[in-house]
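Below you'll find the structure, written out as structure tokens, and then a few comments.
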Amino acid sequence: MSDITRGGQFLVKETKCEDIFTPEDFSEEQIMMRDSVKEFVDKEIWPNKNRFEAKDYQFTEDVMRKAGEMGFLSVAVPENYGGMGMGFVDTCLVCDYISGATGSFSTAFGAHTGIGTMPITLYGTEEQKLKYVPKLASGEWFGAYCLTEPGAGSDANSGKTKAVLSEDGTHYKITGQKMWISNAGFCSVFIVFARIEDDKNITGFIVENDLANGITMNEEEHKLGIRASSTRQVFFADTKVPVENMLSERGNGFKIAMNSLNVGRIKLAAACLDAQRRVTSNAINYANERIQFDVPISSFGAIRYKIAEMATSTYAGESATYRAAKDIENRIKLREAEGNSHQEAELKGVEEFAIECSILKVAVSEDVQNCADEGIQIYGGMGFSEDTPMESAWRDARIARIYEGTNEINRMLSVGMLIKKAMKGHIDLLGPASKVQEELMGIPSFETPDYSELFSEEKEMIAKLKKAFLMVAGGAVQKYGPNLEDHQQLLTAAADMLIEIYMAESTILRTEKLVKSKGQDAVKEQIAMAELYLYKAVDIITQKGKESIISFAEGDEQRMMLMGLRRFTKYTNMPNIVGLRETITTKLVAENSYCF
């Protein structure tokens, strides 16, 4: 157990397929939970999509209460406080399958179970947890999170909301404006961040929603998507908050906010997965039913291309999300075994894999948008109509690239956190990066490798892509040192390389594990998806690596690094990409759904 992989270590450590968790590894209890959630969604949410699109906020609240009665709001809450006390994988599983029908409910669910409840569970005193968490876990009360302000978005610690201690020292008076507050219209309690005096960092408070206590709200925001998610501006004017409702310690609010975002990022990735499955399945249904030129459009190569790509990105997202979720769960269990409290174990367990959380947030949020966009295209003119589910899926997907930290912020964070981990000695990047430099100076081997074993070349390609990243990142750090963070375009290009490595490796490992349990013939479509994803990843890494190198290297150094990049991205046996897509789509069209 002590040899558990650390966050970011995937880059310098070979991972065996037996050491990762995949959706095929769900236990009987997890499958029962998944099926229960799917049944709830298919009964209560999917048939009522029109009510969500018509901005029926009351209906969102009603369905949330039903979810509370079913226990779905309490999965991550410890049993001591009225919850199910289930593991991190279970939490992601429920978030995944409950979120796919509409972004309106997905946002309400995520805001309540995550940033509305979790800060109290993980940072609250025993008294605070006993008072608030059981009501939040049952759905009797709902939570909301007040961090963003008109002048404080990505720069969360710059908020102007003030908390002033009363003369008798019994309470704080909070004054300020918060915006984009999910669940504001029906919540019972806010997590509010405010600054005390001239403190460097903000402080968190638990504030009950009492309109007689200086709390007012604007009308509901009219949004591109997530239309029935209650989103309002909230104003506090000398709102009294008992001193015992301070969350954690004074000045600890920024830390609470950042750690809450780490959990929110991987859960957001999970929340996008079933949306992709449903969009892909609906697109396949339509393509099979739509007849043009006397044949279903699913027989046309241009449509088959889209279906294969949609399914492949969905499969990759599942592979990487559940891999990371289990790594986090293992780290939490390890810390608990070492004597940490549940609170400390979960906080540190998620924080350990903050790099992977950012990677997933970016990758899956962009994949679901692309998937929905292609879904509209397959539907053609009908896809643009509100009478079909595609246009709402596209609109709902758009917010995923913005909240829980924009994708631009998360790209820079993923590389920045990796470098900080290396500087702290948590990951040895220097050693492997130095070996890559030595390899570049040496004479390459001209022998033809034996790639007769399944995935032998793909796994070697993953190892070479890691070298490409180390070469680029190492060169950038040497060039700019601590000023690297000022070169955002370079950081985001490097982040894209890092993202593709993690996603491609996760997909290959999941499929290799499947082959070992079911045999190669039984999973030839999954093999095709793994190979297709890697091929596209190599293309992206080639492009982003070249862009990076040219931006900071010159002369002989530039020529050597570009030569190294070509070496690290070169296939010996180029896969037949059209053939791979055909293999994937043939199965999907026959099954008339996403079936993996």
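General observations
- Most simply put, the chain has about 80% antiparallel DSSP beta bridges, counting only bridges with both residues inside it.
- Between the labelled values (i) 165; (ii) 144; (iii) 156, the entry that holds volume of the Cα convex hull per residue in Å³ as derived from this structure is (iii).
- Net charge dipole, the chain: roughly 740 debye, given to the nearest 20, about the Cα centre with Cβ charges of +1 for Lys and Arg and -1 for Asp and Glu.
- Pairs beyond 22 Å (Cα-Cα), from Lys361/Lys513; Lys160/Lys421; Lys255/Lys326; Lys326/Lys435; Lys16/Lys467: Lys361/Lys513; Lys160/Lys421; Lys255/Lys326; Lys326/Lys435
- Whole-Hz Karplus values for segment 234-249 come out as 10, 10, 10, 10, 6, 6, 7, 10, x, 4, 6, 9, 5, 9, 6, 9 Hz, taken residue by residue from phi with 6.51 cos²θ - 1.76 cosθ + 1.60 and θ = phi - 60°; glycine and proline positions read x.
- Proximal aspartates and glutamates relative to Lys544, as straight alpha-carbon distance under 16 Å, when same-chain residues fewer than 8 apart are discounted: Glu408, Asp496, Glu500
- Simple spin-label estimate for Arg559 and Ser154 in nanometres, 7 Å along Cα-Cβ: 3.8 nm
- Proximity of backbone amide H atoms, modeled 1.01 Å from N, is registered between Ile196 and Ala163, Thr203 at under 5 Å, excluding neighbours fewer than 5 places apart on the same chain.
- Label-to-label distance, Ala590 versus Arg6, with points set 7 angstrom from Cα along the beta-carbon direction: 4.7 nm.
- Total charge dipole magnitude, segment 387-539, about the Cα centre, Cβ charges on Lys, Arg, Asp, Glu only, Debye to nearest 20: 540 debye
- Folded to 0 to 90 degrees: helix 342-352 orientation relative to the chain principal axis, Cα: 40 degrees
- Axis of helix 488-518 versus longest Cα principal axis of the chain: the two differ by about 70°, to the nearest ten degrees.
- Note on Leu454 and Met382: the extension gain reaches 21.7 nm, defined as 0.36 nm multiplied by sequence separation minus the Cα-Cα distance.
- Taking only Cα atoms of segment 357-461, radius of gyration then Dmax in Å: 21.5, 62
- Considering only Asn483, Val295, Ala463, the residue lying farthest towards the positive end of the dipole of the chain is Asn483, judged by Cα position with unit charges set on Cβ.
- Within segment 207-247, backbone nitrogen closer than 17 Å to the virtual label 7 Å beyond the Cα of Glu127 toward Cβ: 207-208, 241-247
- Evaluating kT/(6 pi eta Rh) at 4 °C and 1.567 mPa s, with the Kirkwood radius of segment 69-220 over Cα pairs in the Stokes-Einstein relation, gives 79 µm² s⁻¹.
- Potential extension, Arg290-Lys13 segment - 0.36 nm per residue separation minus Cα distance: 94.9 nm
- R0 of 30 Å, Cβ-Cβ distance Ser299-Lys524: FRET efficiency to nearest 0.05: 0.90
- The residues Ser182, Ser298, sorted by heavy-atom accessible surface at 1.4 Å with ligands and nucleic acids left out, run Ser182, Ser298 from largest to smallest.
- Cleavage-rule hits (GluC sites (Glu not before Pro)) in segment 425-526: DSSP loop, at most 15 neighbouring Cβ within 10 angstrom: Glu447, Glu453
- Under 18 Å from Lys348, Cα to Cα: aspartates and glutamates that are on another chain or at least 8 residues apart: Asp3, Glu249, Asp327, Glu329, Glu336, Glu338, Glu356
- Nearest-ten-degree value, helix 88-98 long axis tilted from longest Cα axis of the chain: 90 degrees
- Solvent accessible area, Å² - Thr314, 1.4 Å probe, full protein context: 0 Å²
- Whole-percent carbon and sulfur share, accessible surface of the chain, 1.4 Å: 50 percent
- Distance between modelled label sites at Val578 and Asp25, nm, 7 Å Cα→Cβ extension: 3.9 nm
The values are calculated or read from the model by the stated rules, or taken from the named source; none is laboratory data. Everything numeric in this text was worked out from a predicted model, so none of it was measured. No Cβ is skipped: glycine too gets one built from the backbone with ideal geometry, and neighbour counts run over all protein chains shown. Please note that ligands, DNA and RNA were not included when accessible areas were found on the heavy atoms of the full protein model with its side chains. Shrake-Rupley method; radii C 1.70, N 1.55, O 1.52, S 1.80 Å.
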